[in-house]
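Enquirer: Here you go, one structure.
The values are calculated or read from the model by the stated rules, or taken from the named source; none is laboratory data. Note that the structure is a prediction, hence the values are computed from the model and not measured. Virtual Cβ from ideal backbone geometry, glycine too; neighbours counted across all protein chains shown. Areas reflect the complete protein model, heavy atoms only, side chains present, ligands, DNA and RNA absent. Shrake-Rupley method; radii C 1.70, N 1.55, O 1.52, S 1.80 Å.
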Amino acid sequence: MDNPIVNTMWDQSKEILSLVVEFKELMMMYKCAIKEIKTKFEVLDTEFKIRYQRNPINFINTRLKCTTSIIKKMTRKNIPFTLENIEKYIHDVAGVRVICSYVDDIYSIAEALIKQDDIKLITKKDYIAHPKSNGYRSLHLIISVPVYFAEQKKNMKVEVQIRTIAMDSWASLEHQLRYKQQIANGEEIAEHLKECAELISDIDSRMLDIRTKIEANSSDPTE
Ligand code: GTP
Ligand code: MG
């Protein structure tokens, strides 16, 4: 082939194809990082169950950010679309959400994860001690975990969100309502949602108080 236009097109196609292959490989690596972190939480849950006769974790949800969302986020943040930039700037490609029974469980399992030798804490946002202005509560961690592949070890970032069942139900409903509330009475609805977040937080504290009292009674040696 000596047609320069055809040659250029051929080169460009090869470049695109190779980017697609490398992108798929990177997504596979994030998927494996999710598996590593999910397993770590499952191990902690199993250990707690034996030690304290109850499970601190209710359930774990995982998600891999879809290609469209990655592209949208990079466009919004004015970041050129390269694989290096995804790894460097997009911290939530791999997401693990852990739903706990009680507020103290959130801190116990977060601490138990962070202190593991292979985990590097990149950022921690405590939206429980410092809720967002709309009432959102959750503990957010960006961590890095080494994943061992056949030919290499790669440190992968994972976004971890840890919250109670009550915080999770509020966040899910708020997420659904956010798109609708711009239509009318936006501020009033936002105020109501914030009140609900505070009520829910109060319930979380009371449930923890009840559990603490029950545990104190059941460990009473005079009983
Ligand atoms: P991005 O939102 O991912 O760009 O990062 P950020 O720096 O704003 O991160 P932050 O840790 O504040 O929030 C990350 C994620 O937490 C979001 O993608 C949501 O899943 C969740 N989140 C944060 N704020 C809210 C909120 O007000 N309501 C709900 N429902 N979820 C929230
Ligand atoms: Mg996000």
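Enquirer: Which of (1) open to solvent by 60 Å² or more (accessible area, probe 1.4 Å); (2) in contact with a Pro (Cβ under 6 Å, 6 or more places away or on another chain) is the odd one out, the single condition Cys100 does not satisfy?
Expert: (1)
Enquirer: Determine which single condition Asp45 fails, assuming it passes every other condition in (1) over 29 Å from Glu25 (Cα atoms); (2) in contact with a Cys (Cβ under 6 Å, 6 or more places away or on another chain).
Expert: Result: Asp45 passes all but (2).
Enquirer: Moving on to the next point. Scan the range 1-18 and report the pairs whose first residue is of a type in the set (A, V, I, L, M) and whose second residue is surrounded by 10 or more Cβ atoms within 10 Å (Cβ to Cβ) and part of a helix (DSSP H, G or I), with Cβ atoms within less than 7 Å and a gap of 6+ or a chain change.
Expert: Listed pairs, sorted by first residue: Met1/Asn7.
Enquirer: A further question on this structure: Sort out which residues of the range 12-29 are open to solvent by 100 Å² or more (accessible area, probe 1.4 Å) and within 13 Å of Leu64 (Cα to Cα), and write them in order of number.
Expert: Selection gives Lys24 alone.
Enquirer: Among the residues of the range 115-165, which ones are of a type in the set (A, V, I, L, M), open to solvent by less than 20 Å² (accessible area, probe 1.4 Å) and under 23 Å from Glu191 (Cα atoms)?
Expert: Leu139 - this is the single residue of the range 115-165 that is of a type in the set (A, V, I, L, M), open to solvent by less than 20 Å² (accessible area, probe 1.4 Å) and under 23 Å from Glu191 (Cα atoms).
Enquirer: For the range 129-147, give me each residue that is over 18 Å from Leu199 (Cβ atoms) and within 14 Å of ligand 2 (Cβ to nearest atom).
Expert: Within the range 129-147, His140, Leu141, Ile142 qualify.
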